[in-house]
Amino acid sequence: MEKELISKVKKNVKIQEIIAHYIPLNKSGKNFKCICPFHTDHEPSMIINPDKQLYKCFVCNGGGDVYNFVMNYENIPFIEAYQKVVEIGGLSDEYLRGLQKRKVYEPYSENEKAIHALNEKISRYMEYHVMQNIDGSFEYLSSRGLSEQTVKQFRFGYLPDANKLIEFLKANKYTNEELLKSNFFILNKNNSIYCPFEKRITIPIHDSRNKLVGFGARRFVDEKQKAKYINSTESEIFHKSEVLFNYYQALNEVYKTKEIYLVEGYMDAIMLSDKGIHNVVAVMGTALTEQHIQLLNGIKNIKVHVCFDMDTAGKEATLRAFKLLSKSNIQHDAVWYEQAKDPAELLQKNGSLDTISWFEFFLNYQLERYGDLSCNESAINDLLYEWQNVESPIMRNHYFKMISDKTGLDLSVLKEQVDYIKQKEKIPYQNRNKSKGNDLASLLKNKQRIFSHE
Ligand SMILES: [Zn+2]
């Protein structure tokens, strides 16, 4: 590659903007500071100097230019880092001439950028009403236990009168067509614009790059409104299966702790954050998806604590999440609780969110489902199949004893059972998993059938 091109790209991008695509930055005089992603950092140790176009960590001594950062962060060779810098920096494709055209990073289209900007405008308009306590909206949020800081941080909003917002946006030169693109407004049968978010408390939803892509909302003034919670409908910029609520905002704390709490809904995430757990993200009424996993996998050495609801659906969603997480080699465990209605209440009662291993979770689940397991051969076999997948000898030993403790079956009996199955099957467990589909996923499929009347 031409040296000239490499230095030209470096000159034409801002290092702080490239790094800010990965980690939230704070301004610090002429420089920027952030949590260093290259060691377990507890306070911002990395300084970014925009004049020199360099970054430097004063703890682990990592440092260099924008290319070094992207290479180290993504663990990719120079040529790919160069492409990413060009694309994240929004430089023209001219700089990629002669390179393999492989989009590593999809820049936003002009249309997408316009919708982001409109959403921002709408959000700020609604935030103002909460801060003015219109219709008691701020008081209402306080009464639900949210601090003023949380209300501001999550940018709660309230829309008393949609027509006034429409007037305001039209005064800002927006056309009907443009308004409809945001999915914040809907076209009525009689061709007039209608807003489903009117008289609701709203929460902006951001994508993994911190762009405002949609809104969630809760019924507030008008109890006659049908749905208690609504979300923006899927649009060209908003795909629920790709969004982890609070992902970008959580990153700072995630880099400090290397841990992330995964909850079911945005209110769970907000409530936990209000109580001091900031490394929390939420799936939004969907199961955990491969796209979510990609986001989690983008953080090195992360451990995911699954904190879904403790009803049957939540427990089964937890087991499915385990399956996806373990497939991607992401460390994981989960909460198991009885005396609270959600993770926030659990945190309030216990002062912490204690987790148990994925194996213990599965064991508890089997015990709850079948009661006494000591004579339930198929349930015991299910446990032994999962146990067989545990690689660490120490954990195998630990879980084996756990099965014995919780079922009351002697260790020697369990060992005999393992031998007995092996002999009977004449194939190893892991193969059996594959050949007969006797893994968690297919077990769950059967369970879904069992529970389908619910
Ligand atoms: Zn460092």
Do we have any residue at all in the stretch 271-290 that's surrounded by fewer than 18 Cβ atoms within 10 Å (Cβ to Cβ) and assigned to a helix (DSSP H, G or I)? yes
Restrict the check to the stretch 83-92 and report whether at least one residue is under 15 Å from Lys10 (Cβ atoms) and charged (D, E, K, R). yes
Across the stretch 50-62, the tally of residues that are near the ligand (Cβ under 9 Å from one of its atoms) and in contact with a helix residue (DSSP H, G or I) (Cβ under 9 Å, 6 or more places away or on another chain) stands at 1
Just to be sure, is Pro196 in contact with a Lys or Arg (Cβ under 7 Å, 6 or more places away or on another chain) and at pLDDT 90 or above? no
Please determine whether any residue of the stretch 64-73 is more than 20 Å from Ile88 (Cα to Cα), within 12 Å of the ligand (Cβ to nearest atom) and surrounded by fewer than 19 Cβ atoms within 10 Å (Cβ to Cβ). no
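Each row is one residue, and each column tells you yes or no for (1) closer than 22 Å to Phe245 by Cα; (2) assigned to a helix (DSSP H, G or I); (3) not assigned by TED's automatic domain parsing to the domain that holds Thr202.
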position: Met126; (1), (2), (3): yes, yes, no
position: Val130; (1), (2), (3): yes, yes, no
position: Ser142; (1), (2), (3): yes, yes, no
position: Thr150; (1), (2), (3): yes, yes, no
position: Arg155; (1), (2), (3): yes, no, no
position: Pro160; (1), (2), (3): no, no, no
Quick test of your reading of the structure: Glu177 fulfils all but one of (1) within 31 Å of the chain's Cα centre (by Cα); (2) more than 18 Å from Tyr125 (Cβ to Cβ). Name the failing condition by number. (1)
Over the stretch 372-389, the set of residues more than 12 Å from Thr407 (Cβ to Cβ), outside any helix (DSSP H, G or I) and in contact with a Leu (Cβ under 9 Å, 6 or more places away or on another chain) is none
Would you check which residues across the stretch 162-180 are in a helix (DSSP H, G or I), in contact (Cβ under 8 Å) with a residue 24 or more places away in the chain and in contact with a Lys or Arg (Cβ under 9 Å, 6 or more places away or on another chain) and list them? Ala162, Phe168, Leu169, Leu179
Do we have any residue at all in the stretch 10-23 that's in contact with a helix residue (DSSP H, G or I) (Cβ under 9 Å, 6 or more places away or on another chain), within 16 Å of the ligand (Cβ to nearest atom) and more than 27 Å from Arg97 (Cβ to Cβ)? yes
Residues located in the stretch 242-298, provided they are over 17 Å from Ala321 (Cα atoms) and of a type in the set (A, V, I, L, M): Ala250, Leu251, Val254, Met267, Ala269, Ile270, Met271, Leu272, Ile277
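Condition check ((1) farther than 18 Å from Lys240 by Cα; (2) in contact (Cβ under 8 Å) with a residue 40 or more places away in the chain) across all residues:
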{"residue": "Asp274", "(1), (2)": "yes, yes"}
{"residue": "Asn279", "(1), (2)": "yes, no"}
{"residue": "Gly285", "(1), (2)": "no, yes"}
{"residue": "Gln294", "(1), (2)": "no, no"}
State all residues of the stretch 241-255 that are modelled with pLDDT under 90 and under 19 Å from Thr202 (Cβ atoms); if no residue qualifies, say none. Tyr248, Gln249
If Leu262 meets every condition in (1) over 11 Å from the mean Cα position of the chain (by Cα); (2) part of a strand (DSSP E or B) apart from one, which number is that one? (1)
Does Tyr82 fit the bill of being under 18 Å from Gln16 (Cβ atoms) and either modelled with pLDDT under 90 or in contact with a helix residue (DSSP H, G or I) (Cβ under 7 Å, 6 or more places away or on another chain) (or both)? no
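Suppose we keep only residues that are away from the ligand (no atom under 13 Å from the Cβ) and either of a type in the set (S, T, N, Q) or surrounded by 14 or more Cβ atoms within 10 Å (Cβ to Cβ) (or both) within the stretch 28-49. Which one would you say is nearest to Gly298 (Cα to Cα)?
So, considering only residues that are away from the ligand (no atom under 13 Å from the Cβ) and either of a type in the set (S, T, N, Q) or surrounded by 14 or more Cβ atoms within 10 Å (Cβ to Cβ) (or both), the one nearest to Gly298 (Cα to Cα) is Phe32.
The values are calculated or read from the model by the stated rules, or taken from the named source; none is laboratory data. This structure is a prediction, so every number in the text was calculated from the model and none was measured. Ideal geometry is used to build each Cβ from the backbone, glycine not excepted, and the neighbour counts take in all protein chains shown.
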